[in-house]
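Everything below concerns the one structure shown next.
The values are calculated or read from the model by the stated rules, or taken from the named source; none is laboratory data. What you see is a predicted model, and the numbers here were worked out from it, not measured in a lab. Cβ placement follows ideal geometry from the backbone for every residue including glycine, while neighbour counts extend to all protein chains displayed.
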Amino acid sequence: MATIGPVELKIRLKGTEAFVEVRYEIAFDGYDQRSNQPYTEVCKLIGDDTGTGDLPAPDHTVGFLTPLLMTIAQAGDQPSLKREWKKTFRKTDLDEDRGPIPDPDEIRAVVTLTPVLPSAVTRESNLVTKQM
C-alpha cells in the first residue's frame, strides 16, 4: 500500500489573500508498482480545534487543494511521486476561529489516499420464471 511522507504546509498572507502551498511525497510499494494501483487523492485544509484552548469545537474542513472532481495517484513506472499543491484563498475563508475575541487560526493540511478497486465484481443468479 502507498505511504505518504511528511506533509509540509506553508501559508503566506498578503492583503486579503492567503497563498497556500502543500508538499509531500507518495511512496509506492511493489504491489502498487506492478499493478499500477490507482488511489484517489485528497489534500484538504483543516481548522484544528483539538487541544488548542479554543472553545470546544470539532476540527473541520476549511478548503481543498486537490480538484474536487477527483485526483488519481498511480505509480506508473516510478517508486514515488512528489506532490506540490498551490492555491490562493481569501483570508476570511481560512478564518476558522470566528468570534468576538480574535485569536490565532490553527490550520493543518491532511492528505488521504484511498485505493480504487480495479473493478466492481457482480454476478447474477439464474433466471426463475413463475406466475405469482
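Within region 1-14, if we keep just the residues that are over 22 Å from THR114 (Cβ atoms) and in contact with a helix residue (DSSP H, G or I) (Cβ under 8 Å, 6 or more places away or on another chain), the residue that is surrounded by the most Cβ atoms within 10 Å (Cβ to Cβ) turns out to be ILE11.
Checking each residue of region 44-59 against the condition of being surrounded by 17 or more Cβ atoms within 10 Å (Cβ to Cβ), modelled with pLDDT of 90 or more and more than 15 Å from the chain's Cα centre (by Cα) gives no match.
So, ASP29, is that one at pLDDT 90 or above and charged (D, E, K, R) or not? Spelling it out, ASP29 is indeed at pLDDT 90 or above and charged (D, E, K, R). Before we move on, is THR71 hydroxyl-bearing (Ser, Thr, Tyr), within 17 Å of the chain's Cα centre (by Cα) and at pLDDT 90 or above? Criteria not met by THR71.
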